[in-house]
Amino acid sequence: VTAILGPNGNGKSTILHILACAFSPLDNGKGENYKFSEFFLPNTDATWNGSNLSINYSYKDSGVVQNVKDREYKKTEVRWTPRYAQRFKREVYYIGIEKCVPMIESERKQSKINYDTHNLQSNEINTLLTKASYVLNKTYTRFNNHKTSSKEFIGVEIPGLKYSALSMSAGEQKVFHILKTIYEAGKYSLILVDELDLLLHDLALQKLIEVIVERAAAKKLQVIFTTHRESIVERDDINIRHIYNSN
């Protein structure tokens, strides 16, 4: 688990964007498939032409690091090279800041929203509820899936109250999304989280990192997140990297 710290505008999110585009999904379709143009969209002030970067790919075999190769990526006037089909395959998930937007703020319907509710039950869901209860200091008892004619979203229950993502706080919604991702991701997945601390109370943040570290160790996950929270440096269970601007 790696935390990337640094002042605003120094490229923390850019690193995550690059890593999100550095792999193709697995052959069985697991993982997300991002293209450089999704994060580095040409516009009037930035065509990105001539931009280039190098990534060193490596992996561990029986605990021994094996270097695969350095791969150069660059943007020509036409496209990013090399072709995406030549990327190495890995299960990758990117959780951006847009996942922090409360659902009620993105919902444009002004009349009653009707949805069907299906309760989800499994060992993984029970673990998810336990971990969410620990992080957010609530007692979650059920995890639901709600479906309208056009969308699906989550819902939860606590003693005496049942509510959907439409009534969740932004931080609560974010924690459930992160936990659901890390508990559903396959072994050796790469999970990227931009601004992990955004909208979270410091105690909730520290507990969330504790859960992430535990899950990463159990499933051999690689988790990389950006943050502005300096209290992170006091932890000794994660890898800390600072990024700074040079001339």
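The values are calculated or read from the model by the stated rules, or taken from the named source; none is laboratory data. Model, not experiment: these values are computed from the prediction. Every residue, glycine among them, receives a Cβ derived from its backbone with ideal geometry; neighbour counts consider all protein chains shown. Just so you know, the surface numbers come from the protein's heavy atoms only, side chains and all, with ligands and any DNA or RNA stripped out. Shrake-Rupley method; radii C 1.70, N 1.55, O 1.52, S 1.80 Å.
What residue, among those in segment 151-167 that are open to solvent by less than 20 Å² (accessible area, probe 1.4 Å) and in contact with a helix residue (DSSP H, G or I) (Cβ under 7 Å, 6 or more places away or on another chain), is nearest to LEU120 (Cα to Cα)? Even if it seems obvious, please write down each step before you answer.
If we filter segment 151-167 for residues that are open to solvent by less than 20 Å² (accessible area, probe 1.4 Å), which is where we start, we get 153, 155-156, 164-165.
Next, from what is left, pick out any that are in contact with a helix residue (DSSP H, G or I) (Cβ under 7 Å, 6 or more places away or on another chain): 153, 155, 165.
Working: PHE153: 12, GLY155: 10, ALA165: 15 Å.
Result: GLY155.
Beta carbons closer than 8 Å, at least 6 apart along the sequence or on distinct chains, pair a first residue in segment 234-247 that is closer than 14 Å to LYS207 by Cα with a second that is at pLDDT 95 or above and open to solvent by 60 Å² or more (accessible area, probe 1.4 Å) for ASP237/GLU210.
Contact map, segment 51-72: first residue more than 22 Å from LYS187 (Cβ to Cβ) and among the acidic types (Asp, Glu), second residue open to solvent by 90 Å² or more (accessible area, probe 1.4 Å) and assigned to a strand (DSSP E or B), Cβ cut-off under 9 Å, separation 6 or more or different chains; pairs are GLU72/ASN52.
Considering only residues in segment 1-46 that are open to solvent by 30 Å² or more (accessible area, probe 1.4 Å) and touching a Leu at 6+ places or on another chain (Cβ under 7 Å), the one that is nearest to TYR188 (Cα to Cα) turns out to be LEU19.
Where residues in segment 173-191 are of a type in the set (D, E, K, R) and open to solvent by 10 Å² or more (accessible area, probe 1.4 Å), which of them is nearest to VAL101 (Cα to Cα)? Let's see the steps before the verdict.
Of all residues in segment 173-191, those of a type in the set (D, E, K, R) come to 174, 180, 184, 187.
When the remaining residues are screened for being open to solvent by 10 Å² or more (accessible area, probe 1.4 Å), the result is 180, 184, 187.
Working: LYS180: 17, GLU184: 22, LYS187: 29 Å.
Of everything passing the filter in segment 173-191, LYS180 is nearest to VAL101 (Cα to Cα).
For segment 1-11: of the residues being modelled with pLDDT of 95 or more and of a type outside the set (Val, Ile, Thr), which is nearest to VAL92 (Cα to Cα)? Step through it out loud before you land on a result.
As a first pass, look at segment 1-11 and keep what is modelled with pLDDT of 95 or more: 1-5.
From what's left, of a type outside the set (Val, Ile, Thr): 3, 5.
Numbers: ALA3: 17, LEU5: 21 Å.
Looking at residues that are modelled with pLDDT of 95 or more and of a type outside the set (Val, Ile, Thr), I get ALA3.
Taken over segment 26-40, the criterion of being in contact (Cβ under 8 Å) with a residue 60 or more places away in the chain and within 22 Å of THR2 (Cα to Cα) is satisfied by GLY31, GLU32, TYR34. Considering only segment 115-128, I want to know if a residue exists there that is over 20 Å from VAL211 (Cβ atoms), open to solvent by less than 30 Å² (accessible area, probe 1.4 Å) and assigned to a loop (DSSP other than H, G, I, E, B). No, there is no match, as no residue in segment 115-128 is over 20 Å from VAL211 (Cβ atoms), open to solvent by less than 30 Å² (accessible area, probe 1.4 Å) and assigned to a loop (DSSP other than H, G, I, E, B). In segment 48-62, is there at least one residue being out of contact with any Asp or Glu (no Cβ under 8 Å at 6 or more places or on another chain), surrounded by 12 or more Cβ atoms within 10 Å (Cβ to Cβ) and in a loop (DSSP other than H, G, I, E, B)? Scanning segment 48-62, I find at least one residue that is out of contact with any Asp or Glu (no Cβ under 8 Å at 6 or more places or on another chain), surrounded by 12 or more Cβ atoms within 10 Å (Cβ to Cβ) and in a loop (DSSP other than H, G, I, E, B), so the answer is yes.
If I filter segment 73-109 down to residues being without any contact (Cβ under 8 Å) to a residue 24 or more places away in the chain and under 20 Å from ILE154 (Cα atoms), which single residue comes out as most open to solvent (accessible area, probe 1.4 Å)? Top of the filtered list is ARG108. Restricting attention to segment 205-220, the residues that are within 21 Å of ILE97 (Cα to Cα) and either in contact with a Ser or Thr (Cβ under 9 Å, 6 or more places away or on another chain) or open to solvent by less than 10 Å² (accessible area, probe 1.4 Å) (or both) total 6. All conditions but one from (1) of a type in the set (A, V, I, L, M, F, W, C); (2) at pLDDT below 95; (3) out of contact with any Leu (no Cβ under 9 Å at 6 or more places or on another chain); (4) within 19 Å of VAL156 (Cβ to Cβ) apply to LEU129; the one that does not is (2). Considering (1) open to solvent by less than 50 Å² (accessible area, probe 1.4 Å); (2) in contact (Cβ under 8 Å) with a residue 40 or more places away in the chain, the lone condition that TYR134 does not fulfil carries the number (1).
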